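Here the structure comes first, spelled out in structure tokens, and everything after it is commentary.
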Amino acid sequence: MGDEQVAGRNNGNGHYIEFRDVSKHFDHPVLKDINFHVDAGQTLAIIGRSGVGKSVSLGIIMGFLKADGGQVIVDHMDINDMSEEQLRQLHKKVTMVFQSGALFDSLTVGENIEFSLEQRDDYSEKNKEDVVNGLLEMVSLQNYRDSAPSDLSTGYKRAAAIARALAAQPECILYDEPTTMVDPIMSDELGNLMLRLKQKLKLTSIVVTHDLDLMRKVADSVMFLYKGEAIYFGPVSEMEKSDNPHVQKFLAADRVEISGKMEE
């Protein structure tokens with residue numbers, strides 16, 4: 001790796017991703033002195049109501065948005081002043097699965113996944129075909145290789161987008177609301193898929209979600225954002241004990257929702 005790619009590397013092992021007093025403003029403060037970290041192979045869930053800066057945090061990690069203050073460490077490097085070329089190199093390791101899926105409508109599901117392999121000159125056509133087939137099987141879409149993205153349900157589009165992200169062999173995946181607008185069965189399947197990827201591939205991940213069932217299934221730690229502030233950051237298992245009233249109100253609303261579903 002050349003000097004340009006390693007510029008800004010943080011000495012020492014450290015955390016794979018870390019926010020140090022990160023702030024972001026648009027027409028109002030969106031993130032206020034946020035601190036959190038994710039270690040390699042671990043999963044962090046970012047939760048909170050809409051508009052509190054969850055997706056903005058992912059955009060900052062990817063370098064799509066620039067923090068107004070603080071340090072943003074990704075793959076042990078400070079990315080605040082990275083060049084476009086350095087960010088492109090980083091995106092080979094850290095990728096994002098968008099809420100929309102962001103699949104190419106003009107390509108089949110299989111071709112969408114293969115698109116991530118086009119720059120791999122160390123792969124033969126047979127290698128690429130094998131990788132695509134393996135990824136389709138991993139996400140349970142082997143019967144949809146020749147389907148158009150428009151023929152897939154929202155949940156299957158997300159699964160296809162995850163397969164395409166995996167084709168690049170990343171170290172870290174960021175998920176933006178992966179179970180929003182999918183039925184409970186598909187939501188459970190997506191959660192199981194994310195858990196398998198974490199366990200088998202040892203992927204580092206951050207998942208932005210409203211889905212507390214998903215959080216409990218896949219996450220090691222959780223950050224709760226409220227009005228741009230991190231009012232809880234710690235183990236998932238400890239969040240129930242938080243004495244913050246906004247955390248407790250959020251958890252209580254989730255318990256009411258679960259109770260209502262059981263009575264249906």
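The values are calculated or read from the model by the stated rules, or taken from the named source; none is laboratory data. Bear in mind that the values here come from a model prediction, so they are computed numbers and not experimental data. Here the Cβ is made from the backbone with ideal geometry for all residues, glycine too, and neighbour counts use every protein chain on show.
Report whether or not Y156 is within 24 Å of K202 (Cα to Cα), touching a residue at least 12 places away in the same chain (Cβ under 8 Å) and touching a strand residue (DSSP E or B) at 6+ places or on another chain (Cβ under 8 Å). So Y156 fails the test.
Scanning the range 69-82 for residues that are assigned to a loop (DSSP other than H, G, I, E, B) and surrounded by 15 or more Cβ atoms within 10 Å (Cβ to Cβ) turns up D75, H76, I79, N80, M82. Of the residues E137, E85, only one is out of contact with any strand residue (DSSP E or B) (no Cβ under 9 Å at 6 or more places or on another chain), part of a helix (DSSP H, G or I), in contact (Cβ under 8 Å) with a residue 24 or more places away in the chain and surrounded by fewer than 17 Cβ atoms within 10 Å (Cβ to Cβ); which? Answer to the selection: E85. For the range 176-190, the criterion of a residue being in a loop (DSSP other than H, G, I, E, B), crowded, with 16+ Cβ neighbours inside 10 Å and among the small types (G, A, S) is satisfied by no position. Tell me which residues, restricted to the range 1-36, are at pLDDT below 95, farther than 25 Å from E84 by Cβ and acidic (D, E). The one that is at pLDDT below 95, farther than 25 Å from E84 by Cβ and acidic (D, E): D27. Name the residue that is farthest from R196 (Cα to Cα), counting only residues in the range 38-52 that are more than 14 Å from the chain's Cα centre (by Cα) and buried (at least 19 other Cβ atoms within 10 Å of the Cβ). Selected residue: V52.
If you take the residues in the range 26-37 that are surrounded by fewer than 17 Cβ atoms within 10 Å (Cβ to Cβ) and over 19 Å from the mean Cα position of the chain (by Cα), which one is nearest to D220 (Cα to Cα)? Break it down into steps so the answer makes sense when it comes.
Initial filter on the range 26-37 (surrounded by fewer than 17 Cβ atoms within 10 Å (Cβ to Cβ)): 26-29, 33, 35.
Now narrow it down to the ones that are over 19 Å from the mean Cα position of the chain (by Cα): 26-29, 33.
Numbers: F26: 31, D27: 33, H28: 31, P29: 28, D33: 22 Å.
Per the stated criteria, the residue is D33.
For the range 27-48, a residue qualifies if it is under 16 Å from Q99 (Cβ atoms) and assigned to a loop (DSSP other than H, G, I, E, B), and exactly one does: G48.
Considering the range 195-210, and only residues there that are touching a residue at least 60 places away in the same chain (Cβ under 8 Å) and of a type in the set (A, V, I, L, M, F, W, C), the residue that is surrounded by the fewest Cβ atoms within 10 Å (Cβ to Cβ) turns out to be L203.
Could you tell me whether any residue of the range 53-68 is closer than 27 Å to D27 by Cβ, in contact with a strand residue (DSSP E or B) (Cβ under 6 Å, 6 or more places away or on another chain) and exposed (fewer than 15 other Cβ atoms within 10 Å of the Cβ)? Yes; the residues of the range 53-68 include at least one that is closer than 27 Å to D27 by Cβ, in contact with a strand residue (DSSP E or B) (Cβ under 6 Å, 6 or more places away or on another chain) and exposed (fewer than 15 other Cβ atoms within 10 Å of the Cβ).
Of everything in the range 88-103 that's assigned to a loop (DSSP other than H, G, I, E, B) and not aromatic (F, W, Y), which residue is surrounded by the most Cβ atoms within 10 Å (Cβ to Cβ)? Please lay out each step first, then the result.
We begin by selecting, within the range 88-103, every residue assigned to a loop (DSSP other than H, G, I, E, B); these are 91-93, 98-103.
Cutting the leftovers down to not aromatic (F, W, Y) gives us 91-93, 99-103.
Working: H91: 14, K92: 13, K93: 15, Q99: 17, S100: 12, G101: 20, A102: 15, L103: 23.
Residue satisfying both the conditions and the ranking: L103.
Just to verify a result, which residue in the range 40-59, among those that are out of contact with any helix residue (DSSP H, G or I) (no Cβ under 8 Å at 6 or more places or on another chain) and aliphatic (A, V, I, L, M), is nearest to I231 (Cα to Cα)? By that ranking, first place goes to V52. Pairs meeting the criteria (first residue in the range 104-124 and crowded, with 18+ Cβ neighbours inside 10 Å and of a type in the set (D, E), second residue modelled with pLDDT under 95 and not in a loop (DSSP other than H, G, I, E, B), beta carbons under 6 Å, at least 6 apart or on different chains) are E114/K128; E114/V132.
Residue count for the range 146-167, restricted to those that are assigned to a loop (DSSP other than H, G, I, E, B) and surrounded by fewer than 17 Cβ atoms within 10 Å (Cβ to Cβ): 4.
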